[in-house]
Each structure stands twice: as structure tokens, then as C-alpha cells.
Amino acid sequence: MAFAKTAAVGAAAFVLAGCAALTPAPKGETIHRDLTYETVRGRDEHLDIYEPDGKAPPPLIVWIHGGGWRYGDKGFSLFVRHLTARGFAVASVQYRLSWSAKYPAQIEDCRAALDWLRRNAHAHRLDARHVFVAGASAGGHLAALLGAEEGRPRVRAVFAMYPATDLAAFKNQGRRHGYIPSLLGGSVLEKRALAEEASPVNHIRANTPPFLILHGDRDGLVPIAQSIELEKKLRAAGVEVKLEVQPGKGHGFGLTDAQLDEVAAFFREHY
């Protein structure tokens with residue numbers, strides 16, 4: 001059932017998906033870990049920056065991890081990690097999870113991280129003029145929402161993998177347990193206004209940045225209808241969008257080298 005997987009399955013998936021992100025930096029790259037971008041109620045929130053070597057400040061991809069808004073961390077499921085080899089810096093953001101803070105805490109943290117990165121771009125050799133946002137699953141939802149809210153040119157383009165885009169459109173809206181109720185602090189029926197506010201499809205306008213979306217046609221957790229609806233809303237607003245349906249793919253897939261090349265090319269097209 002959509003966004004109602006067990007805690008054990010969700011946690012295991014993200015542990016298995018992301019451990020490679022914790023390995024040392026390869027040659028030609030520098031990693032700045034655990035940089036504090038905000039302090040909320042005495043707790044520091046961090047991000048990591050993966051920076052390619054070079055003379056010119058690189059364009060920046062702000063990556064937001066998945067995990068149903070309940071699991072994961074900045075080191076896990078960092079699918080765009082190797083875009084550093086293609087000339088991009090990657091900042092992976094930690095945000096408050098739904099077991100400790102309800103929406104809108106998650107998007108507030110993403111905004112704060114983006115603002116911090118802009119303010120500190122010079123100190124970390126980043127090109128603040130060319131900023132992209134990306135994420136997978138719950139992170140894809142937050143990336144889509146952040147990009148739509150910020151607008152172009154503050155965010156040049158968005159890359160979202162199997163994102164939730166309309167939280168009020170999932171089945172079993174009276175359900176009080178699961179990823180979405182945990183995020184909202186109640187069922188969709190109880191929190192409908194908040195669910196609609198948290199849905200990227202309700203924030204699309206003419207200056208929304210271009211989107212590249214990947215979604216599997218066998219996704220049993222976030223139905224592909226979520227990405228199809230986002231694509232429709234973007235096209236209706238005159239926003240460039242490309243939805244790539246992945247045949248036979250379910251939820252949680254990563255990126256091949258060819259797909260990384262495609263994402264890099266997509267971002268370069270929108271410098």
C-alpha cells in the first residue's frame with residue numbers, strides 16, 4: 001500500500017542503498033562533512049559538500065535524500081554522488097525527520113540549507129549562480145517543492161526520482177499510520193489543508209524551473225500517477241518537463257552511468 005511500508009523494510013532499504021556515500025573521497029575530489037547550516041531547538045542540522053577539484057567554482061546540486069520523510073540521512077542513497085566526476089559539486093542535506101518534527105519542518109530545513117549554501121558559496125568554492133536541486137522519493141517530493149517555491153533563476157532546474165507530488169491523492173485518506181500521516185501529524189482527512197500545502201502540484205507557476213523526472217511503471221509505493229500529474233501541471237504552466245518512465249522498475253532504484261550522464265547534460269542545458 002502506498003507509503004505504508006513497515007519500518008523495518010524502509011530502514012533496511014536505505015541502509016543498503018547508501019553506505020558507499022561514506023567512503024573516502026576519490027582522487028580529484030574534496031569532501032567537507034557535517035557543516036552546520038542551522039540550529040533548531042538546540043540541535044544542529046548538517047550538510048556535506050562533495051567538491052570536484054578545479055580552478056573555477058563548480059555549479060551546485062543540492063541533493064535531498066529519501067526515506068519516507070521518516071528514515072535516512074545525508075550519507076544514504078546519494079544517487080548523484082558521482083556527478084562530481086562530471087564537474088558538479090554536490091551538497092547532501094540532512095533534515096528533520098517526521099518522527100521528531102512534522103511538516104513543514106522538512107521543507108523549512110531544505111530552504112535553510114539552500115540559503116546557507118548561497119551565503120557561503122564563496123567560502124566553499126561554489127557557483128551560487130548555477131544551483132540545481134534533486135532528490136529521490138520523499139527527497140524527490142522535497143526537491144520538487146523547493147524548486148517550485150524558489151522559482152527560476154534561483155533554482156535552475158530540478159531532477160526528481162519517483163517523487164510524491166500530491167499527498168492528498170493517495171488512497172486510504174483516513175489512515176492514521178504510515179509515511180504521510182507521520183509527516184502531517186494525522187490522516188489526510190484530518191490534515192487535508194496541510195496535505196495540499198505540502199503537495200508540489202499545487203505550487204507550479206510560470207517561473208517554475210525545468211524538471212527531469214524518473215519513475216518506474218511498477219512502483220507500488222509511490223504510484224507513477226503522481227509523476228504523471230506533476231508533468232501535466234508543469235506542461236499546463238508552460239514549464240519544460242521530461243518524464244522518463246522506467247519499464248519494469250519499482251521504487252528505490254538508483255542511477256546507471258548513462259543516466260548520470262543524462263542528468264549532467266540536463267543540468268548543463270539549464271546553466
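The values are calculated or read from the model by the stated rules, or taken from the named source; none is laboratory data. Not measured: the values here are computed from a predicted model. Cβ: placed from backbone, ideal geometry, glycine included. Neighbour counts: every protein chain shown.
A compact table of results
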quantity: Selection from segment 83-106 of residues that are assigned to a loop (DSSP other than H, G, I, E, B) and either among the acidic types (Asp, Glu) or within 19 Å of residue 46 (Cβ to Cβ) (or both); calculated: 94, 95, 96, 97, 98, 99, 100, 101
quantity: Matching residues, segment 230-269, being closer than 24 Å to residue 207 by Cβ, more than 18 Å from the chain's Cα centre (by Cα) and of a type outside the set (Gly, Ala, Ser); calculated: 232, 233, 235, 239, 240, 268, 269
quantity: Among the candidates 200, 181, residue that is within 28 Å of residue 81 (Cα to Cα) and not small (Gly, Ala, Ser); calculated: 200
quantity: Meets criteria (hydroxyl-bearing (Ser, Thr, Tyr) and more than 17 Å from residue 142 (Cα to Cα)) for residue 71; calculated: no
quantity: Any hit, segment 203-210, residues being farther than 14 Å from residue 164 by Cβ and of a type in the set (Ser, Thr, Tyr); calculated: yes
quantity: Residues being closer than 21 Å to residue 264 by Cα, modelled with pLDDT of 95 or more and part of a loop (DSSP other than H, G, I, E, B) - total across segment 38-73; calculated: 4
quantity: Qualifying residue in segment 77-94 (condition: surrounded by 17 or more Cβ atoms within 10 Å (Cβ to Cβ), touching a residue at least 24 places away in the same chain (Cβ under 8 Å) and more than 23 Å from residue 271 (Cα to Cα)); calculated: yes
quantity: Matching residues, segment 122-136, being of a type in the set (Gly, Ala, Ser) and over 18 Å from residue 270 (Cβ atoms); calculated: 123, 136
quantity: Qualifying positions in segment 227-262 - assigned to a helix (DSSP H, G or I) and within 25 Å of residue 198 (Cβ to Cβ); calculated: 227, 228, 229, 230, 231, 232, 233, 234, 235, 236
quantity: Inter-residue pairs, beta-carbon under 6 Å, first of a type in the set (S, T, N, Q) and in segment 22-45, second modelled with pLDDT of 95 or more, 6+ apart; calculated: 30/51; 36/44; 36/46
quantity: Leading residue by the ranking (surrounded by the most Cβ atoms within 10 Å (Cβ to Cβ)) among those in segment 215-271 that are of a type in the set (Lys, Arg) and under 23 Å from residue 171 (Cα atoms); calculated: 233
